[in-house]
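Have a look at the structure below before the remarks.
The values are calculated or read from the model by the stated rules, or taken from the named source; none is laboratory data. No experiment lies behind these values; they were computed from the predicted model shown. In this analysis, Cβ positions are derived from the backbone assuming ideal geometry, glycine residues included, and neighbour counts consider all displayed protein chains. When the accessible area is computed, the model is the full protein with side chains, heavy atoms only, and any ligands, DNA or RNA have been set aside. Shrake-Rupley method; radii C 1.70, N 1.55, O 1.52, S 1.80 Å.
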Amino acid sequence: MNKLLDRFLHYVSFDTQSKPNVKHTPSTEGQLRLAQALRNELTELGFSQVTLSDKGCVMATLPGNVAWNVPVIGFISHLDTAPDFTAKHVNPQIVENYRGGDIALGNGDEILSPVMFPVLHQLLGHTIITTDGKTLLGSDDKSGIAEIITAMVRLKNSNIPHGPVRIAFTPDEEIGKGAQSFDISAFGAQWAYTVDGGGVGELEFENFNAASATIKIVGNNVHPGSAKGVMVNALSLATRFHNELPVEETPEHTEGYEGFYHLTTIKGNVERAEMHYIIRDFDKTQFEARKQKIIDIAHVVGKGLHRDCYIEVTLDDHYYNMRDKVAGHPHIIALAQQAMKDCDIEPVMKPIRGGTDGAQLSFRGLPCPNIFTGGYNFHGKHEFVTLEGMEKAVSVIMRIAELTANKSQ
């Protein structure tokens, strides 16, 4: 079996779904199990400085093979899968030489259709790895892990010139926590790339500014027959709150550089209700304005409430747009662009409508743009990746390492 595919299928067998609102890192035991397996694998493969931190971060080094000084570069992927959809008992389906049309996912009624996902039209003849329609796949970001390790093994077993390369696999990226405990000084790279993008050619160095908002509403419940002037329905207040936000500024109505408010959960009863939003915007000023709007709406909806009833807002920033931090190091982007072109891939420069560990790491002093993995439809049952896309990511990683060495002579 193709070793790259073999690795990927092994990694997705680990349930590494992260869990929000957990104080410890990693947030789930499954991530630690995969981290331990990766540590053992990297040790057996003969890499140096293989470590596993108490926070579940794996690091290793591929030593350079040239006599001259070359900057230490890094490649990073994350261990966890998204909390959005179950990752238990992932059962990948392999479709070789895709001939078009719908792909049945497992034995149920779920399909992967080019009508809903037109990108499939571009993938005729490819080997496509899908879910069975019951879980996500975990290509985000286990394809990145498989690609990085495969690229390092191939470099190690070749005569391709390269300097020292550091690799790292981080926990809890999907809940925005893993990079907080990443030891940049121990990593020791001058710059790095997260391998955590989508379709072939994606190269990203700007992302959303991101925050979460928790809205807690305390009402007052009495019998509806005698409720006039006494009942305060927390669910009604929650509905009013949500309706104050602009309908067109939600994920399903935005694209490109447009920001949004996204209601992710709502629960409660007449007495109490709780809502969770994520807030996203590329522009820092507009980002701050969005957070202020949440506060302003709370004041409007909560005006005149009985003193024992209230609306409480908690805002937490998660990460910021790394554009300003990475743009100051244009050679890092140029290097990735050149590597892609050398591999007959046209770079696709686009903003990340999300975030990566690279955003936080860039603000902490490690410039870290993002490159593709060859995967699509992350965080759900329609997730898939192509083996050809994964192979191209491996080639780009190797070429970046080679170009870094060649440009240092």
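With a bin width of 5 angstrom, please list the P(r) values of segment 145-266 as percents of all Cα-Cα pairs, from the 0 bin to the one holding the largest distance. So the P(r) values, bin by bin, are 2, 7, 11, 13, 13, 11, 9, 8, 7, 6, 4, 4, 3, 1, 1, 1, 0.
Entry comment: accessible area of the chain is 45 Å² per residue, from protein heavy atoms only and a probe of 1.4 Å.
Calculated mean residue ellipticity, 222 nm, the chain: -9000 deg cm²/dmol, from DSSP H runs (n ≥ 4) at -39500 (n - 2.57) each, averaged per residue and rounded to 500.
Where does each of Val300, Val385 land when they are ordered by accessible area, with a 1.4 Å probe and the largest first? Could you put the intermediate results ahead of the total?
On the way: Val300 85, Val385 0 Å².
The ranking, largest first, comes out as Val300, Val385.
Here the 3J(HN,Hα) profile of segment 177-182, calculated from phi with Karplus coefficients 6.51, -1.76 and 1.60 at θ = phi - 60°, is 10, x, 5, 5, 9, 6 Hz, Gly and Pro shown as x. Positive contributions from Lys and Arg (+1) and negative ones from Asp and Glu (-1), summed over other residues with Cβ under 15 Å from the Cβ of Glu248, come out at -3.
Across segment 134-146, coupling constants 3J(HN,Hα) worked out from phi with the 6.51/-1.76/1.60 Karplus curve, θ = phi - 60°, read 10, 9, 6, 8, x, 4, 8, 9, 6, 5, x, 4, 4 Hz, and Gly and Pro carry x.
Among the protein heavy atoms of the chain, carbon and sulfur supply 49% of the accessible surface, probe 1.4 Å, non-protein parts ignored. Accessible surface of Asp6, taken over heavy atoms with a 1.4 Å probe and every protein chain present, rounds to 60 Å².
From the Cα trace of the chain, what convex hull volume per residue do you get, rounded to a whole Å³?
Details: hull volume 63.7 nm³, N = 409.
Per residue, the Cα convex hull of the chain comes to 156 Å³.
Scanning residues 5 or more positions from Glu206 or on other chains, those with amide H under 5 Å from its amide H are Ile352, with H placed 1.01 Å from N in the peptide plane.
Comparing Cys57, Cys368, Cys309 in a Gaussian network model of the chain where C-alpha atoms under 10 Å apart are linked, the largest mean-square fluctuation is found at Cys309.
Computed on segment 228-374, with alpha-carbon pairs under 8 angstrom and 6+ residues apart, the relative contact order is 18 percent. Of all DSSP beta bridges in the chain, what percent run antiparallel (nearest 5)? Restricted to the chain, the bridges split so that about 75 percent are antiparallel. Thr150 sits with roughly 0 Å² accessible to a 1.4 Å probe, with DNA, RNA and ligands left out of the calculation. Cα centroid separation, segment 199-255 to segment 257-303: 6 Å.
Over all directions, the projected convex hull of the C-alpha atoms in segment 295-377 averages 8.9 nm² in area. What separates the Cα centres of segment 60-122 and segment 343-359 is a distance of 15 Å.
Axis of helix 29-44 versus longest Cα principal axis of the chain: the two differ by about 10°, to the nearest ten degrees. Residue-wise HN-Hα couplings along segment 347-360, as the Karplus relation 6.51 cos²θ - 1.76 cosθ + 1.60 with θ = phi - 60° gives them from phi, are x, 10, 8, 8, x, 7, 7, x, x, 9, 4, x, 5, 5 Hz; Gly and Pro carry x. Taking the longest Cα principal axis of the chain as reference, the axis of helix 330-342 is set at about 60 degrees.
What percent do you get for the relative contact order of the chain when only Cα pairs under 8 Å and 6+ apart count? Show your work: numbers first, answer last.
Values: 908 pairs, mean separation 95.2, N = 409.
Relative contact order for the chain comes out at 23 percent.
Amide H to amide H, with H built 1.01 Å from N, Gly355 comes under 5 Å of no residue 5 or more places away or on another chain. Helix 234-243 and the longest principal axis of the Cα set of the chain meet at an angle near 60°.
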